[in-house]
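So the structure is just underneath, and the comments pick up after that.
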Amino acid sequence: MTATSLIPEEVVAFLLSDDGFDLREDVKCWRNWRKLPVDDTPALLSESIWSLWTLHSEFRSLVDYRLRVSKRFAGAPLILPNYKRATDLYIYPESLGPRCRIQHGHSTWVMGKIGSDFLVRHNCTIGHHPTKGAPTIGNNVSVGTGAVVFGNAVIGNNVSIGPNAVVDMSIPDDHVVFAPRPVIRPRKSGLPPMQQQAAGDSPSASGGPQEQPRPEPAATAG
């Protein structure tokens, strides 16, 4: 018995079907992301999904989502071999386009309507607001570590949301979103940090350095 034969035949059939287009694109995208050979042939696709399944817990969670929302597997979660999934990764969007990538999926929620070529990192929340609903995210959007997108925000195409940014407003196409820079100031002589705060020491009062325009960060390596 080969390793790839452990994949149920119905999963392979789904992967190669029209209904399995999004998952098939995910497989090819993740292979390309990891600089591995990419091919549409059934044999290599079957081998590819198995190799990604065994190596990446985030990919397992993504496959679970694809199978869960399909009509074929709605009543059969975790149909593939029971490897450990990513820690605290919850994928429950209303829709999710093909070629989704998850880089370190720890402590991440993905909700809303999300387009194709989506990249999300760890400690992120794409979340639902109790009165404002959930975000709508366009194509080719990346979300940096620790970022939060919530409410009825509409995020355009080709948008990069930087680490720790909090977004509850709409962002047009072709924009970059940054979190505020931390403030760096000298410590008041003779007082420990907590006493400085109690004394009302602030950047403006102490003449500390003012915030400067933030340069665009380099792209995060995959």
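For the reader, a short list of remarks on this structure follows.
- Exclusive hit being within 29 Å of V167 (Cβ to Cβ) and touching a residue at least 40 places away in the same chain (Cβ under 8 Å), set R85, R66: R66
For every residue, the table says whether it meets (1) more than 19 Å from L62 (Cβ to Cβ); (2) part of a loop (DSSP other than H, G, I, E, B); (3) at pLDDT 95 or above.
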| residue | (1), (2), (3) |
| --- | --- |
| N139 | no, yes, yes |
| T145 | no, yes, yes |
| N158 | yes, yes, yes |
| P163 | yes, yes, yes |
| D174 | yes, yes, yes |
| R185 | yes, yes, no |
| K188 | yes, yes, no |
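- Sub-9 Å Cβ pairs linking a first residue in region 163-182 that is surrounded by fewer than 17 Cβ atoms within 10 Å (Cβ to Cβ) to a second residue that is at pLDDT below 95 and not in a loop (DSSP other than H, G, I, E, B), at least 6 apart or interchain, are D168/H129, ordered by first then second residue.
- Considering Y65, Y90, the condition of being assigned by TED's automatic domain parsing to the domain that holds S46 and of a type in the set (S, T, Y) is satisfied by Y65 alone.
The values are calculated or read from the model by the stated rules, or taken from the named source; none is laboratory data. Note that this is a predicted model, so its numbers are computed, not measured. Virtual Cβ from ideal backbone geometry, glycine too; neighbours counted across all protein chains shown.
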